[in-house]
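The values are calculated or read from the model by the stated rules, or taken from the named source; none is laboratory data. Fair warning: this is a prediction, and the values are worked out from it, not measured in the lab. So basically every Cβ, Gly included, is an ideal-geometry build from the backbone, and we count neighbours across all protein chains shown. With ligands, DNA and RNA removed, areas are computed over all heavy atoms of the protein, side chains included. Shrake-Rupley method; radii C 1.70, N 1.55, O 1.52, S 1.80 Å.
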Amino acid sequence: MRRHPHAIFATITASTLLLGGFAAATAQAAPAKAESLYAPSALVLTVARGEDPMTATVERAVTLACAPTAEGTHPDPAAACKELAAVQGKFAELAAGPSNRTCTRQWDPVVVTAHGVWQGKPVQFSTTYGNACEMAGSMNDNAVFAF
């Protein structure tokens, strides 16, 4: 029986590549480990000019993450996360309704939006105000959209 060194080398190389590829595929298929015990809370908040949130011009935008710690580009993430926790992430409940603030009746619409995840649940919120004064009064000067 005659041995072919090239055939043996090719067989060993193919086996190594096949087993190595199988090990790599198995490692990639492993489920991701949770990095935190907290449900994710990560949001992008915007203030924009215009009536429609889809076409309004974004003037300011920040990020806000609340779990496990309050952080992001929001100027006061701890206060904003505390306010959101108080209303269980229901942005519509942040609005205090009509305020005692005196505002002009000029029509210069402002849209506020929130998109992302609050305690593991998707969030898509937007509302339009007649002007910035009306927005500040309705939001009761809360920290969430104070940026």
Check: Could you say whether any residue in segment 63-82 is among the charged types (D, E, K, R), assigned to a loop (DSSP other than H, G, I, E, B) and surrounded by fewer than 18 Cβ atoms within 10 Å (Cβ to Cβ)?
Finding: yes
Conditions (1) within 19 Å of A61 (Cα to Cα); (2) touching a Pro at 6+ places or on another chain (Cβ under 7 Å) -> G120 fails only (1)
Reported set for segment 87-131 where residues are in a loop (DSSP other than H, G, I, E, B), aliphatic (A, V, I, L, M) and buried (at least 17 other Cβ atoms within 10 Å of the Cβ) is A95
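Could you please let me know if N142 is open to solvent by 30 Å² or more (accessible area, probe 1.4 Å) and of a type in the set (S, T, N, Q)? Give the steps one after another, and end with the answer.
Details: open to solvent by 30 Å² or more (accessible area, probe 1.4 Å): no; of a type in the set (S, T, N, Q): yes.
Against the criterion (open to solvent by 30 Å² or more (accessible area, probe 1.4 Å) and of a type in the set (S, T, N, Q)), N142 does not qualify.
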| message | Regarding segment 29-48, can at least one residue be identified that is open to solvent by 50 Å² or more (accessible area, probe 1.4 Å), in a helix (DSSP H, G or I) and modelled with pLDDT of 95 or more? | response | no
Counting only residues in segment 53-62 that are open to solvent by 70 Å² or more (accessible area, probe 1.4 Å) and not hydrophobic (A, V, I, L, M, F, W, C), the one nearest to the chain's Cα centre (by Cα) is identified as R60
Going through segment 80-117 in order, the residues found to be touching a strand residue (DSSP E or B) at 6+ places or on another chain (Cβ under 6 Å) and more than 21 Å from A56 (Cα to Cα) are A80, G89, V117
